[in-house]
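*Asks:* Once you've had a glance at the structure underneath, I'll fire off some questions.
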């Protein structure tokens, strides 16, 4: 029995090959030479979009990508009518019409409507796959922004792995930010931050977490670990709503809607002596994950690795995004293949120190990083920076960074 995926591919291949052949014959029967989309709409007196579509069907090598350019029946009828006035024989025009009818028949069989069919075609194509996923993620962002009632321009998660007072270990600091938070309807409350750190091992051992700024030490259950200079004024109204094994959860309280009340919220925490400089038994890679549950246009994950980690990093870092619809996250080893989001994401080593990390997506980011390193008493020039950026990330999801670890005797 032929499976559904194979039948879809076979039907598309057959009908598009027949259609492009039929259209190609019609084009070749025209008295004028056709060498470009411009020639199609000039010779036949068609609008530019229709002429471009007709040309792309014939000349696009990727059949699935070419199929999205098949015009509607009414528009294709205009093309046939124009060709008829140019003297193309009826039998060739009838073949082209019959081929278009067959294409719309497979739409009914496999999707039921043209919009769904185009998405299926793009997702199956070599050239259009990334474009299709980008379009869908952007549409999801706008839909979720209004359904959930809140959105933000950029989410930042910056991790710092630096020297510790504990021999053989590293301190780990984390800066989290949401910038240009906008409420789209009244009454919206939103979880902003959960400051905690887990090793990601089987037992998910928890470590003590403190504020980055030693001057503003606080009980995380009673006060939010803001980096106040980089938050909007007045400080966002957050409150602790609950506590679980990971620590306190901070929720943004209700407030006014719209762009006149945009909010920036930035927090910073550090956990001391929790990360081994050298790989422990059974460890094969570094792994950092970030949860994304706010609709944002940009996700920026920056990792600052101290030079003492250089000898354990084999390079070739990878990034993956996974749906969190069926799970609350966790280490990649415990995630299912079904959760993978088809995206091509690549972490990039952008340099050392703080100057290389500048991005217009994060207000005063270079200044923020300089303050963080000063508070932690680390030299930023001793750190290499890896950046992973995702536009319109899926919500809810987790973004994972991994790299292989080198083990030396």
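*Asks:* Provide a single number: the residues in the stretch 133-161 that are within 13 Å of the chain's Cα centre (by Cα), in a helix (DSSP H, G or I) and surrounded by 17 or more Cβ atoms within 10 Å (Cβ to Cβ). I'd like the intermediate steps shown before the answer.
*Replies:* From the stretch 133-161, those within 13 Å of the chain's Cα centre (by Cα) are 133-141, 154-155; that's our starting set.
From what is left, the residues that are in a helix (DSSP H, G or I) are 133-141.
Narrowing the set further to residues that are surrounded by 17 or more Cβ atoms within 10 Å (Cβ to Cβ) leaves 133, 137, 141.
Final tally of qualifying residues: 3.
*Asks:* Among the listed residues 89, 18, 32, which satisfies the condition of being surrounded by fewer than 19 Cβ atoms within 10 Å (Cβ to Cβ), farther than 23 Å from residue 108 by Cα and modelled with pLDDT of 95 or more? Can you show your working first?
*Replies:* Working: 18 fails: farther than 23 Å from residue 108 by Cα; 32 fails: modelled with pLDDT of 95 or more.
Just one listed residue meets the conditions, 89.
*Asks:* Among the residues of the stretch 195-202, are any crowded, with 22+ Cβ neighbours inside 10 Å, closer than 29 Å to residue 232 by Cα, in the same structural domain as residue 380 (by TED's automatic domain parsing) and modelled with pLDDT under 95?
*Replies:* First pass over the stretch 195-202, keeping only residues crowded, with 22+ Cβ neighbours inside 10 Å: 195.
If we keep only those that are closer than 29 Å to residue 232 by Cα too, we end up with 195.
From the residues that got through so far, the ones that are in the same structural domain as residue 380 (by TED's automatic domain parsing) too are 195.
Remaining after also requiring modelled with pLDDT under 95: 195.
Yes - at least one qualifying residue is present in the stretch 195-202.
*Asks:* Out of contact with any strand residue (DSSP E or B) (no Cβ under 6 Å at 6 or more places or on another chain) and within 26 Å of residue 133 (Cα to Cα): is that true of residue 310 in this structure?
*Replies:* It is false that residue 310 is out of contact with any strand residue (DSSP E or B) (no Cβ under 6 Å at 6 or more places or on another chain) and within 26 Å of residue 133 (Cα to Cα).
*Asks:* With the requirement that a residue be farther than 16 Å from residue 84 by Cα, touching a helix residue (DSSP H, G or I) at 6+ places or on another chain (Cβ under 8 Å) and assigned to a helix (DSSP H, G or I), what does the stretch 40-52 give you? Don't jump to the end; show me each part of the working.
*Replies:* Our first condition is that a residue be farther than 16 Å from residue 84 by Cα; within the stretch 40-52, this holds for 47-50, 52.
Now restrict to residues that are touching a helix residue (DSSP H, G or I) at 6+ places or on another chain (Cβ under 8 Å): 47-48, 50, 52.
Residues satisfying the conditions are 48, 50, 52.
*Asks:* Continuing with this model, one more query. Checking residue 73 against (1) under 30 Å from residue 266 (Cβ atoms); (2) at pLDDT 90 or above, which test does it fail?
*Replies:* Unmet condition: (1).
The values are calculated or read from the model by the stated rules, or taken from the named source; none is laboratory data. Just so it is clear, the structure is predicted and the values come from calculations on it, not from any experiment. For neighbour counting, all protein chains shown are included, and Cβ atoms are generated from backbone atoms with ideal geometry for every residue, glycine included.
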